[in-house]
Amino acid sequence: MHSNKVDSNKLDGVTETGTRAERKERTRQALIDGTLDLLRDRSLASVSLREVTRSAGIVPTAFYRHFASMEDLGVALVEDSMRMLRQMLRDARKDPSVKNATESLRILVRQVRSHEDQFRFLARERYGGVAEVRKAFATELRMFVSELTIDLSRMPGLETWDIADLEMAADLIVSTMLTATVGLLEIDRPGSENERELLRKTEQQVRLIVLGMGAWRPKRN
């Protein structure tokens, strides 16, 4: 006869190995991975809690040990995906070998191709039907702009710029990269001429922004 502990673990869809925290984290990740699979060609609003728990191999009631609602799961998906992207860009900014827009775009391409499910989710749900998810995306996007604003403020010639001007420049760069990301997801053949053309266009856009920054004269009060 099985103990209550074993039955509880079975309900949560995990084995007894590992600590309680490790088991909980495995199940949480299974829910996230299963949801991303379901979202490959669907919106979050069209996916049910029962489908999500079935994909993770747990009973529906076990879902609430990890997320308060489907909306809460959607917010977690945004935060996890954007955290991954922010860390990638943060590492790129620290890497001395990444010196120009071309190298930065190559990093972006690698990340998009390696994590297409996450990026497709972000691209679709940015303007999707779940308000909590849209708000979470907007919050994460502001964090992106804020981090880039700080980086720009440390660049020679920009240290005297007003914060509003720096944020405007950062927002332009982030928006351009987001557009490139969506474009990459619409290209089925990695390395194709369509992809190369998209990257050439994006690089030119970034260079234009940088050139414009060089000619910009911040307004003084």
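The values are calculated or read from the model by the stated rules, or taken from the named source; none is laboratory data. Given the structure is predicted, the values throughout are model-derived calculations rather than measurements. No Cβ is skipped: glycine too gets one built from the backbone with ideal geometry, and neighbour counts run over all protein chains shown. Just the protein is used for accessible areas: all its heavy atoms, side chains included, with ligands, DNA and RNA removed. Shrake-Rupley method; radii C 1.70, N 1.55, O 1.52, S 1.80 Å.
Tell me whether segment 105-121 contains one or more residues that are within 15 Å of M177 (Cβ to Cβ), open to solvent by less than 20 Å² (accessible area, probe 1.4 Å) and of a type in the set (S, T, N, Q).
no
Taking M84 and the conditions (1) closer than 21 Å to V109 by Cα; (2) modelled with pLDDT of 95 or more, which numbered condition does it fall short on, given that it satisfies the others?
Result: M84 fails condition (2) only.
Which residues, taken from segment 147-171, are open to solvent by 60 Å² or more (accessible area, probe 1.4 Å) and in a helix (DSSP H, G or I)?
Passing the criteria: I150, I163, A164, E167, M168, D171.
Out of segment 164-216, which residues are of a type in the set (S, T, N, Q) and under 19 Å from L89 (Cα atoms)? Full working, then the answer.
Of the residues in segment 164-216, the ones of a type in the set (S, T, N, Q) are 175-176, 179, 181, 192, 194, 202, 204-205.
Result: S175, T176, T179, T181, T202, Q205.
Would you be able to tell me the number of residues in segment 4-47 that are open to solvent by 60 Å² or more (accessible area, probe 1.4 Å), modelled with pLDDT under 90 and of a type in the set (G, A, S)?
Within segment 4-47, residues that are open to solvent by 60 Å² or more (accessible area, probe 1.4 Å), modelled with pLDDT under 90 and of a type in the set (G, A, S) number 1.
Quick one: would you say R124 is surrounded by 15 or more Cβ atoms within 10 Å (Cβ to Cβ) and at negative phi? Break it down into steps so the answer makes sense when it comes.
Values: surrounded by 15 or more Cβ atoms within 10 Å (Cβ to Cβ): yes; at negative phi: yes.
Here the answer is yes, as R124 does meet what is asked.
How many residues does segment 172-214 contain that are surrounded by 12 or more Cβ atoms within 10 Å (Cβ to Cβ) and basic (K, R)?
Counting residues in segment 172-214 that are surrounded by 12 or more Cβ atoms within 10 Å (Cβ to Cβ) and basic (K, R) gives 3.
Taking T176, is it closer than 24 Å to K201 by Cα and either under 17 Å from the mean Cα position of the chain (by Cα) or not in a helix (DSSP H, G or I) (or both)? Don't jump to the end; show me each part of the working.
Values: closer than 24 Å to K201 by Cα: yes; either under 17 Å from the mean Cα position of the chain (by Cα) or not in a helix (DSSP H, G or I) (or both): yes.
Here the answer is yes, as T176 does meet what is asked.
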